[in-house]
1. How many of the residues making up the stretch 61-96 are without any contact (Cβ under 8 Å) to a residue 24 or more places away in the chain and more than 25 Å from W160 (Cα to Cα)?
2. Of the residues R85, R120, R109, which is closer than 19 Å to R156 by Cα and surrounded by fewer than 23 Cβ atoms within 10 Å (Cβ to Cβ)?
3. For the stretch 228-263, name all the residues that are at pLDDT 95 or above, polar (S, T, N, Q) and within 26 Å of P25 (Cα to Cα).
4. Quick one: which of D268, D196, D277, D223 is within 16 Å of the chain's Cα centre (by Cα) and over 27 Å from H44 (Cα atoms)?
5. Which numbered condition in (1) farther than 14 Å from T232 by Cα; (2) among the polar types (S, T, N, Q); (3) surrounded by 14 or more Cβ atoms within 10 Å (Cβ to Cβ) is the only one that T186 fails?
6. Please work out if E249 is within 13 Å of the chain's Cα centre (by Cα), among the acidic types (D, E) and not assigned by TED's automatic domain parsing to the domain that holds S148.
7. What do you reckon, is L219 outside any loop (DSSP other than H, G, I, E, B) and either on the phi > 0 side of the Ramachandran plot or not assigned by TED's automatic domain parsing to the domain that holds L175 (or both)?
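The values are calculated or read from the model by the stated rules, or taken from the named source; none is laboratory data. Everything numeric here is computed off the predicted structure, so don't read it as measured data. Glycine also receives a Cβ, built like all others from the backbone with ideal geometry; neighbour counts cover every protein chain displayed.
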Amino acid sequence: MAAATCALAVSLLAPAPARAAAMTPVLDRNFPDPDVVKVGRTYHAYATHGETANIQHATSADLVHWQPVDTDPLPRLGAWAEPERSLVWAPEVFAHGSGFTLYYTARDRAGGRQCIGAARSESPDGPFTPAAEPLVCPTDRGGAIDASSFTEGHRRYVLWKNDGNCCGIATRIHLQPVSWDGTRTTGGAVTLIERDLPWEGDLVEAPTLVRRDGRYVLLYSADFYRDHRYKTGYAVADRLTGPYKKGPEPLLSSASFGGAVRGPGGQDVVTGPDGRDRILFHGWSPDGSDRRLLYAAGLRFTEGRPVLEDGTDRTRRD
């Protein structure tokens with residue numbers, strides 16, 4: 001497989017008022033629902049299935065230049081999951097001291113809904129060995145998708161969305177405690193947010209939780225992922241379990257990028273090599289093809305509220 005890399009047209013290291021118009025992908029290939037973890041000096045990005053892999057994988061030293069990896073880090077799914085590659089979505093990888101855990105979404109054989117599985121490896125490159133049973137699988141609420149991890153002190157949590165839009169059930173984002181390696185739940189789930197703003201369309205999904213300025217900042221995607229309507233919003237809380245207060249407008253949208261990025265979502269937040277935050281996300285290819293490309297932008301926080309580093313403050317004070 002040929003390497004595909006594409007540099008940003010503008011530096012990520014400083015704000016630029018014209019960034020929205022100049023935005024170009026950092027990886028010009030289909031790479032949806034990106035998750036990024038730094039191991040040593042190398043950033044590892046993982047994405048929803050590709051043509052020949054359950055999970056896509058790419059590496060970078062600077063978050064700008066990316067090298068795709070040919071090897072599938074998750075060559076087989078757990079015994080609970082149907083084997084169709086097209087049903088494997090939204091990976092998340094994190095280190096736990098004695099190796100790495102990967103979360104993934106797949107179709108549950110027994111219940112017929114999308115559910116979340118866990119797999120472990122000694123290396124971020126894999127191969128990850130999957131657990132035989134799903135980690136989170138609430139079939140009565142439509143199943144579960146879009147797992148992400150959050151660590152505070154010696155406690156680890158998994159965030160997930162109940163996939164209620166599959167079957168006329170309300171969608172919500174949940175937080176649930178897990179073991180240190182993330183392979184088993186250790187308590188019940190609590191709801192953090194649900195769809196309740198007009199611009200969110202029919203759903204909220206793809207949670208990312210960080211702590212900045214002493215506050216908990218939950219980023220999430222909303223609306224219809226297949227076109228320009230997909231967006232990224234945020235909510236802020238003083239306590240881990242909330243209550244979370246949403247920003248009134250999306251942080252990222254097709255309109256906020258002046259149409260240069262269509263349907264930005266599936267975001268992750270990572271600290272760059274200069275110590276500053278970046279937000280990485282996918283957006284539909286401007287050439288009209290059925291590809292979601294990888295983008296990156298600078299991000300800062302003001303009293304815990306995220307601000308895209310393009311010269312426009314999209315947050316408002318309470």
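1. Adding up the residues that qualify gives 0.
2. Of R85, R120, R109, the one residue that is closer than 19 Å to R156 by Cα and surrounded by fewer than 23 Cβ atoms within 10 Å (Cβ to Cβ) is R120.
3. T232, S253, S254
4. Unique residue meeting the criteria: D223.
5. For T186, the exception is condition (3).
6. Taking the combined requirement at face value, the residue does not satisfy it.
7. Yes; evaluated as a whole, the condition is true for this residue.
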